[in-house]
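Taking it in order: structure first as structure tokens, then the write-up.
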Amino acid sequence: MRRWRVPGPRLLILVVGLGAAAGSEPGPVTCGSVVKLLNVRHNVRLHSHDVRYGSGSGQQSVTGVSAVDDSNSYWRVRGKTSTVCERGTPVKCGQSIRLTHINTGRNLHSHHFTSPLSGNQEVSAFGEDGEGDYLDDWTVLCSGTYWLRDGEVRFKHSSTDMLLSVTGEQYGRPIHGQKEVHGMSYSNQNNNWKVMEGIFMKPSELLKTDSYHAEL
């Protein structure tokens, strides 16, 4: 029997979801933005909580949930380990980033442990107060120049080349109904993600400058 470690309740930070203004074009995802990420194939949002895996690394578990309004599905977009991505800077396709879980301060993470249900690569949340290690870095795979809010992307773990995925395996207690999130070695519809609810930092002047040079 797999045992789960469930600590006592912790303070949750509620972030109000805001989309694009009415009639405006969806812009790029920017550093500092707080977003929910939807797995397009399985219609679940990337989620974490202060519940640890009962096997593998024993680190904080990462799952997919169908609930739209769960505050444990918010992640902050940040620069890769040991770098600072200025708030409002558009994230480029091919750029490495960190995704920091808002309510626990741990980063989306992967490593050579086996995931508990599918036997793929475990994905966890790691670190304290937003600081972990180089295994927190993920490369944004998309077409074009920038990660756009209305576009589908993939996240490739920068150290192991595994793709952030959901294939439908479902947990029992104490997180009944939540789906396993793991790393896969090949690309398919199970690793397509899209930004949903969030608070988006205003793009910086960098985007305007790039657009200007592109027209010359």
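Heavy-atom accessible surface of region 51-184, averaged per residue, reaches 40 Å², computed with a 1.4 Å probe. Its residue count N sets the reference 2.2 N^0.38 Å, and the alpha-carbon radius of gyration of region 119-209 equals 1.27 times that reference.
Compute the Cα gyration tensor for region 31-164, then decide on rounded, prolate or oblate, letting a ≥ b ≥ c be the square roots of its eigenvalues: rounded whenever a/c is under 1.5, prolate when a/b is larger than b/c in the other cases, and oblate in all that remain. Note, shape of region 31-164 comes out rounded.
Of the solvent-accessible surface of region 119-208, computed with a 1.4 Å probe and all protein chains present, 48% belongs to carbon and sulfur.
Computed from label points 7 Å out along Cα-Cβ, the spacing between R41 and S71 is 3.3 nm. Dividing the alpha-carbon radius of gyration of region 53-117 by the rule-of-thumb value 2.2 N^0.38 Å gives 1.30.
The values are calculated or read from the model by the stated rules, or taken from the named source; none is laboratory data. No experiment lies behind these values; they were computed from the predicted model shown. Please note: Cβ atoms are built from the backbone with ideal geometry, for glycine as well, and neighbour counts cover all protein chains shown. These area figures cover heavy atoms from the full protein model, side chains too; ligands, DNA and RNA do not enter into them. Shrake-Rupley method; radii C 1.70, N 1.55, O 1.52, S 1.80 Å.
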